[in-house]
Amino acid sequence: MIFDEIFNEEVTGLELKSLVANNSSFALELYRQVQTTEGNLFFSPYSISSALAMTCAGARENTRAQMAQALRFGEDDKVLHAGFKQLRETLEETGKEGDIQLMVANSLWPQANYRLRRAFLNLVKKYYGVRITRVDYGDGEAAREKINTWVEENTAEKIQDLISPGVLDSLTRLVLVNAIYFKGTWEHTFAADQTHEEPYHPTVGEAIQVQMMHQKNSFRYTEDENVQVLELPYTGKDLSMLILLPKAKDGLGQMEASLTLENLERWESALEETEVNVALPRFELTFPFRLDDAFQSMGMTDAFTGIADFSGMEQTRELYLGAVLHKAFIAVNEEGTEAAAATAVIMQTKSISFMTVDFIANHPFIFLIRETKTGTLLFLGRMAQPQG
């Protein structure tokens, strides 16, 4: 495909809705891949999808097909890249409205004097707004420090040391990075004097003391026989946190098994204004991990091997994925939420109801932060044991 042919393409509302649904489906599948990790879990599906959508722009043949299947990108490059451009612009406009802070940034870090196809560079500039900075991976530590500094600057210094020492070396040819930062105040803040130390149950029969926030207010809420679902909006209501609380204190495993796009859409459509007594732990966590194994388990195998085809980026067909790194941070308190994440793709060469209900989140639960206009999932996590 000739990239210049798609520069003026725009996605329809239906195509954008489908892209968001596919991104959400990918987010939930990735959660299933990494949920075996013990304890807390937190990541940004949007950041990961964005970084790999840029990477997919240079993939060809079976490598592209496997990436598209694993990431739920579909076969139409026009919809993929124009859709991500529209999502990015929507998020940027939301961040300019003043109710919240929301920033998204993309960057490319090619090896100095390494030739990438001009059409590829034009595409990622046009659709992903990338900043391109050439570095010398012969000095891997100096290059690492430059990329990590850029990530810190674009996440209010919440994501530090995204790339660890020794990851970049003389075989590295390109690093693609996405960064996202969010800070929002609750539409209805929790009064600090209503925060008390109370028991929280990481497992049945176990209790730890945590700072539990309280308030009674009208929120969108629903429940079924197994789960309570609460939406906590941020000021302006362009973003909200959706909390999925199992009714059983040992119900997280069943909750995770039922975490499908269909169920998520069903719960969201059933939300109604309800008077709710809310108890929510105050917490803060940072979660770093590599995604290589998860993506290969999802069928994206060629991209990590010598048979990878990224000839849409450069002519030699020598590039393959050396690592996909991700790191995310979140802090939830009485005022609101601060969250940030960054993803680095490292490419190497070969060599209304008025009843009152109780929502007491004193045991493990799942939470999501989403942009409400498009439904884009920005962050997804599991709170097993509050910290901070």
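The values are calculated or read from the model by the stated rules, or taken from the named source; none is laboratory data. All figures in this text were calculated on a predicted structure; none of them were measured in a lab. In this analysis, Cβ positions are derived from the backbone assuming ideal geometry, glycine residues included, and neighbour counts consider all displayed protein chains.
Across the range 117-132, what is the total count of residues that are of a type in the set (D, E, K, R) and either under 22 Å from the mean Cα position of the chain (by Cα) or under 17 Å from residue 10 (Cβ atoms) (or both)?
3
Right, residue 231: closer than 24 Å to residue 386 by Cα, touching a strand residue (DSSP E or B) at 6+ places or on another chain (Cβ under 7 Å) and not in a helix (DSSP H, G or I) or not? Taking the combined requirement at face value, the residue satisfies it. Of the residues making up the range 13-46, just one is over 21 Å from residue 284 (Cβ atoms), out of contact with any helix residue (DSSP H, G or I) (no Cβ under 9 Å at 6 or more places or on another chain) and hydroxyl-bearing (Ser, Thr, Tyr), namely 36.
Sort out which residues of the range 282-308 are over 23 Å from residue 328 (Cβ atoms), assigned to a loop (DSSP other than H, G, I, E, B) and touching a strand residue (DSSP E or B) at 6+ places or on another chain (Cβ under 9 Å), and write them in order of number. 305, 306, 307, 308, listed by residue number. Just one of the listed residues (379, 304, 365) is closer than 30 Å to residue 166 by Cβ and outside the structural domain of residue 42 (by TED's automatic domain parsing), namely 379.
In the range 76-90, the residues that are in the same structural domain as residue 104 (by TED's automatic domain parsing) and of a type in the set (D, E, K, R) reach residues that are at pLDDT 95 or above and assigned to a helix (DSSP H, G or I) with C-beta atoms within less than 6 angstrom, at least six apart or across chains, in these pairs: 85/127.
Would you check if residue 156 is assigned by TED's automatic domain parsing to the domain that holds residue 237, of a type in the set (A, V, I, L, M) and at pLDDT 95 or above? Lay out the reasoning, then the answer.
Working: assigned by TED's automatic domain parsing to the domain that holds residue 237: no; of a type in the set (A, V, I, L, M): yes; at pLDDT 95 or above: yes.
Here the answer is no, as residue 156 does not meet what is asked.
Could you count how many residues in the range 249-297 are under 30 Å from residue 194 (Cβ atoms), loosely packed, with under 14 Cβ neighbours inside 10 Å and either more than 19 Å from the chain's Cα centre (by Cα) or modelled with pLDDT under 95 (or both)? Within the range 249-297, residues that are under 30 Å from residue 194 (Cβ atoms), loosely packed, with under 14 Cβ neighbours inside 10 Å and either more than 19 Å from the chain's Cα centre (by Cα) or modelled with pLDDT under 95 (or both) number 5.
All conditions in (1) of a type outside the set (Phe, Trp, Tyr); (2) within 30 Å of residue 386 (Cα to Cα); (3) crowded, with 17+ Cβ neighbours inside 10 Å hold for residue 106, with the sole exception of (2). State whether one or more residues within the range 234-242 are of a type outside the set (Phe, Trp, Tyr), at positive phi and not assigned by TED's automatic domain parsing to the domain that holds residue 22. Yes, some residue in the range 234-242 is of a type outside the set (Phe, Trp, Tyr), at positive phi and not assigned by TED's automatic domain parsing to the domain that holds residue 22.
Look through 83, 74 and report the one residue that is out of contact with any strand residue (DSSP E or B) (no Cβ under 9 Å at 6 or more places or on another chain), at pLDDT below 95 and either acidic (Asp, Glu) or within 28 Å of residue 28 (Cα to Cα) (or both). So the residue among 83, 74 that is out of contact with any strand residue (DSSP E or B) (no Cβ under 9 Å at 6 or more places or on another chain), at pLDDT below 95 and either acidic (Asp, Glu) or within 28 Å of residue 28 (Cα to Cα) (or both) is 74. Of all residue pairs spaced 6 or more apart or on separate chains, those with beta-carbon atoms under 6 Å, a first member in the range 270-281 that is part of a strand (DSSP E or B) and a second member that is of a type in the set (S, T, N, Q) are 272/353; 273/218; 274/353; 275/218; 275/356; 278/215.
Contact map, the range 300-315: first residue surrounded by fewer than 21 Cβ atoms within 10 Å (Cβ to Cβ), second residue of a type in the set (A, V, I, L, M), Cβ cut-off under 6 Å, separation 6 or more or different chains; pairs are 304/321; 314/116. The single residue among 89, 61, 10 that is surrounded by fewer than 17 Cβ atoms within 10 Å (Cβ to Cβ) and within 22 Å of residue 175 (Cα to Cα) turns out to be 61.
Let's see how each residue does on (1) crowded, with 22+ Cβ neighbours inside 10 Å; (2) in contact with a helix residue (DSSP H, G or I) (Cβ under 9 Å, 6 or more places away or on another chain):
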| site | (1), (2) |
| --- | --- |
| 168 | yes, yes |
| 179 | yes, yes |
| 211 | no, no |
| 219 | yes, no |
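Among the residues of the range 345-388, none is identified as at pLDDT 90 or above, in a loop (DSSP other than H, G, I, E, B) and closer than 30 Å to residue 306 by Cα. Selection of the range 196-207 for residues being within 29 Å of the chain's Cα centre (by Cα) and either surrounded by 17 or more Cβ atoms within 10 Å (Cβ to Cβ) or assigned to a strand (DSSP E or B) (or both) yields 200, 202.
If you go through the range 144-188 and keep only what is assigned to a loop (DSSP other than H, G, I, E, B), in contact with a Ser or Thr (Cβ under 9 Å, 6 or more places away or on another chain) and β-branched (Val, Ile, Thr), you end up with just 159.
Against the numbered list (1) farther than 28 Å from residue 269 by Cα; (2) among the basic types (Lys, Arg); (3) within 15 Å of the chain's Cα centre (by Cα), residue 350 comes up short only at (3). With respect to (1) assigned by TED's automatic domain parsing to the domain that holds residue 272; (2) of a type in the set (Gly, Ala, Ser); (3) in a loop (DSSP other than H, G, I, E, B), the lone exception for residue 218 is condition (3).
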